[in-house]
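Worksheet: one structure, shown below.
No value in this document is a laboratory result; all are computed from the given coordinates. All figures in this text were calculated on a predicted structure; none of them were measured in a lab. Using ideal geometry, Cβ is built from the backbone for each residue, glycine included, and neighbour counts are taken over all protein chains shown.
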Amino acid sequence: MSDIKSTVQRLGSYLGEVGVEFKKVSWPDKQELVDSTYVVIAFIVILAVTTLCCDKVIQFVLQLIIA
């Protein structure tokens, strides 16, 4: 029974500390969030194009070796 009480007390203490830290978080404003989203999408597109180019080069080289 005391294990349950100590677990509940530790959980309550943990959640209280989480609440205190949660109030310290600096949330981005809308424009900052939109700008970050553009950066992520641009990076994904660049990564996709780079992967496509590497894939095509490897495919071409393999076709030269096989043919």
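Some points to look at:
Listed here are the residues, each with its yes/no results for (1) outside any helix (DSSP H, G or I); (2) surrounded by 10 or more Cβ atoms within 10 Å (Cβ to Cβ); (3) over 19 Å from the mean Cα position of the chain (by Cα).
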{"position": "I4", "(1), (2), (3)": "no, no, yes"}
{"position": "T7", "(1), (2), (3)": "no, yes, yes"}
{"position": "G19", "(1), (2), (3)": "no, no, yes"}
{"position": "S26", "(1), (2), (3)": "yes, no, no"}
{"position": "E32", "(1), (2), (3)": "no, yes, no"}
{"position": "S36", "(1), (2), (3)": "no, yes, no"}
{"position": "I44", "(1), (2), (3)": "no, yes, no"}
{"position": "V49", "(1), (2), (3)": "no, yes, yes"}
{"position": "I65", "(1), (2), (3)": "no, no, yes"}
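- Filtered by the rule that a residue be among the aromatic types (F, W, Y) and within 25 Å of the chain's Cα centre (by Cα), the range 51-63 gives no residues.
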